[in-house]
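Following: one structure in structure tokens, then a few remarks.
The values are calculated or read from the model by the stated rules, or taken from the named source; none is laboratory data. Note that the structure is a prediction, hence the values are computed from the model and not measured. So basically every Cβ, Gly included, is an ideal-geometry build from the backbone, and we count neighbours across all protein chains shown. Side chains are part of the model used for accessible areas, which takes the heavy atoms of the whole protein and leaves out ligands, DNA and RNA. Shrake-Rupley method; radii C 1.70, N 1.55, O 1.52, S 1.80 Å.
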Amino acid sequence: PGPRNLSCISYKHPSVRGGLGGAGQGAAGAVRCPPGQCCIGIWNRSHALVQGCWGGGGAACPSPTCIPSPAGPPGGAVLVCLCH
């Protein structure tokens, strides 16, 4: 089974349109995720873009800590991490 009711940092940079589950506006805060979801963080190389809950759950979020890894095309500037 996936993580249960995690508390994740919730943040959405003003330049980001749309949303992600539990992503807040402006100042960072905390959000309680629904059962089975884990925490996600997406950054470019200079600042956080979005942080919040993600519905991948289970094996998709195996790490207890956030370890950013490249996302998107090779050499791109976007980093992502999933954790529980």
Separation between the Ala60 and Arg17 pseudo-spin-labels, each 7 Å from Cα along Cα→Cβ, expressed in nm? 2.4
With a 1.4 Å probe and every protein chain left in place, tell me how much accessible area Val16 has, in Å² to the nearest 10. 40
Take Asn5 and Ala77, extend 7 Å from each Cα along the Cα→Cβ direction, and tell me the distance between the two endpoints in nm. 4.1
Once phi is turned into θ = phi - 60°, what whole-Hz ³J(HN,Hα) does the Karplus curve with 6.51, -1.76 and 1.60 give for every residue of segment 33-44, x standing for Gly and Pro? 7, x, x, x, 9, 10, 8, 10, x, 10, 10, 9
For every other residue with a beta carbon closer than 13 angstrom to the beta carbon of Gly52, add +1 if it is Lys or Arg and -1 if Asp or Glu, then tell me the sum. +2
